[in-house]
Amino acid sequence: MTTVATDTPMTDPRKAGRYVYAAGVFLLCAWVIVPLYFLLINTLSSPEAVNAFPKSFVPEFDLGSLTFFAGFAGMLTALKNSILVAVLTMILSIAVGAPAGYALSRFDFRGKEVFRMLILLTRAFPLPLLALPLAVMFIRTGLDDTIFGLALVHTTLAMPFAVLITFSLFSGIPLELEEAAWTLGCTRLTAFTKVVLPLILPGITASAIFAFVISWNEVFAAAVLTIENRTLTAFLLTNLDTSPLHLKFAGGFILVVPALIFIFAVRKYLFAMWGIANR
Amino acid sequence: METRYLPYILILPVTLFLCLFFLYPFVLVAQQAFWTDSGWSMQNFRDVTGHWKFPISLKNTLYLAAIVVPVQLVLALLMATMVRNMKKGRDLVLYVWTIPLGISDLAAGIIWLAIFEQSGFLNSMLSGLGVVDKPINLLTYQNPGIVFIAIALAEIWRATAIMLVILVAGIGLIPKEYYEAAEVFGASPWKRFTRITLPLLRPSLSTALVIRVILAFEVFAVVQAIGGTLFPVLMSETFNYQFELLNSGAAAAVALIILAISIAFTVLILRLLRVPKGATI
């Protein structure tokens, strides 16, 4: 890239500046993508190639590592657990968080500011640490080592996001629309289900996906709270020192794939979500 | 239904949920940390801080945060200003730059392990260039510097995106007119950045820094994947106390220390970047 910049006549500093800018953007994109590409090479190579030296910089499209991953004892169960926990988290955080988001955007009530502070406060704490005392509480209530118990903790992680995102979504729908529906004979509930809900459904889906990703990626609480029913992250973490390289890389790849798809799906909402969180 | 009570009914589930899974565990963790067989005491804290590994893991955690967070702040600011004026391909570039946002710290650690391990891509590149003739094991206790660099790079790679998203959203809120006016008066791009963007971005900067600094003290899986036991941090100590030593009192004590550090830094950042009352965009 630098050679391109020097080839052009330097009489026009603006033009040179534009080349530097383009090179910068390109380099920063490469900085994100190249490590992911390396992981892809390792995943699509046979176990022998993964442990060999020197590495080839193109994948050999061998499914050996992935088959090994699928055949590794407990791995598929862990994958299934991860998906189940993430889906439960997704449902719980929207079901519990969305009504609060609606209340924040539509009503002025006493204690609103305190409530908002409580929500914002949860983000200012290292929440996974709370898994430690919860481990004891879960043993007492029989929730220990269950999918549901872990989903509850992950919901706590995703909750502030669910509330704030739905709050911003509902705020984007003018109240007049609802009022019009009321005058046409809708009750509060039917106005909500027939007018508001269809409008915000894509946004709700985006925040649900966000909750899914939070749960899917969470490591510490998952490792603390599960023993038999490990999720994929917990399984990989606790087997880090014993598992061979190709297993780690295949596992890492499986962790990355949904993230790539989901970030792509919610990319439009990403900035709206965080914009509102600033205020 | 009475409209007066409706908002309270709507926020009730969240409130109950947070009381049960956020506030109550706090009470529990404090209880675990301060309670020993002989009653209330600071014994757990004395045990934990007296252990030879504690100063090392505290130092490692703080050093890592001190290196990683400023680099990420600069990178995120650079990227956010770069996309501000981008016309073509803005969406694509932003998508690529935010990919790491969805990637777990464990996966990020594994990705950078693929680069730094003995038969990894860095060694392959070095031998391809003729710098080394046989692969060297980079991630050993003889090379603490390289272990540190690998972990820092993985952290920078993974978590710059979260700051970027917050800052891009924040820059979007700054009215275009300010920049136009500054340009009319002949302000250079750098002047525009330091006199308009930075001051008006203060709320976003403090949000981004608070979130990022807290995540930096929670660093765990990246370290575990790359350094293993070579690079102890506070969070891995907590994990060890809970699982290897089965000492939940000590684990809770370390957890409280991490909490205290996080809160101290949160307060500090909020104080430093406070926006005076009444001064809004």
Failed item, numbered, when residue B:59 is tested on (1) part of a loop (DSSP other than H, G, I, E, B); (2) more than 7 Å from chain A (Cβ to nearest Cβ): (1)
Index of the failed condition, residue B:130 passing every other in (1) more than 7 Å from chain A (Cβ to nearest Cβ); (2) small (Gly, Ala, Ser); (3) in contact with a helix residue (DSSP H, G or I) (Cβ under 7 Å, 6 or more places away or on another chain); (4) farther than 21 Å from residue B:229 by Cβ: (3)
Matching residues in the stretch A:95-119 - criterion: being more than 20 Å from residue A:204 (Cα to Cα) and surrounded by fewer than 15 Cβ atoms within 10 Å (Cβ to Cβ): A:108, A:110, A:111, A:112, A:113, A:114, A:117
Lone qualifier among A:69, A:57 - being aromatic (Phe, Trp, Tyr) and at the interface with chain B (Cβ under 10 Å from one of its Cβ atoms): A:57
Answer residue from the stretch B:236-246, given it is out of contact with any Lys or Arg (no Cβ under 9 Å at 6 or more places or on another chain) and without any contact (Cβ under 8 Å) to a residue 60 or more places away in the chain and is nearest to residue B:117 (Cα to Cα) among those: B:239
Unique residue being more than 10 Å from every other protein chain (Cβ to nearest Cβ), more than 27 Å from residue A:164 (Cβ to Cβ) and touching a Phe, Trp or Tyr at 6+ places or on another chain (Cβ under 6 Å) when the list is B:66, B:150, B:114, B:181: B:150
Residue within the stretch A:245-252 that is in contact (Cβ under 8 Å) with a residue 60 or more places away in the chain, of a type in the set (Lys, Arg), within 16 Å of residue A:76 (Cα to Cα) and not assigned by TED's automatic domain parsing to the domain that holds residue A:36 present: no
Those residues of the stretch B:6-52 which are loosely packed, with under 14 Cβ neighbours inside 10 Å and charged (D, E, K, R), in sequence order: B:37, B:46
Filter result (closer than 17 Å to residue B:103 by Cβ and among the small types (Gly, Ala, Ser)) within the stretch A:17-70: A:30
Test result for residue A:25, part of a helix (DSSP H, G or I), among the β-branched types (Val, Ile, Thr), without any contact (Cβ under 8 Å) to a residue 40 or more places away in the chain and not assigned by TED's automatic domain parsing to the domain that holds residue A:259: yes
Criterion (in contact with a Lys or Arg (Cβ under 7 Å, 6 or more places away or on another chain) and not charged (D, E, K, R)) met by exactly one of A:81, A:51, A:42: A:81
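The values are calculated or read from the model by the stated rules, or taken from the named source; none is laboratory data. Remember, predicted model here, so these are calculated numbers, not experimental data. A quick note on method: Cβ atoms are made from the backbone with ideal geometry, for glycine too, and the neighbour counts reach across all protein chains shown.
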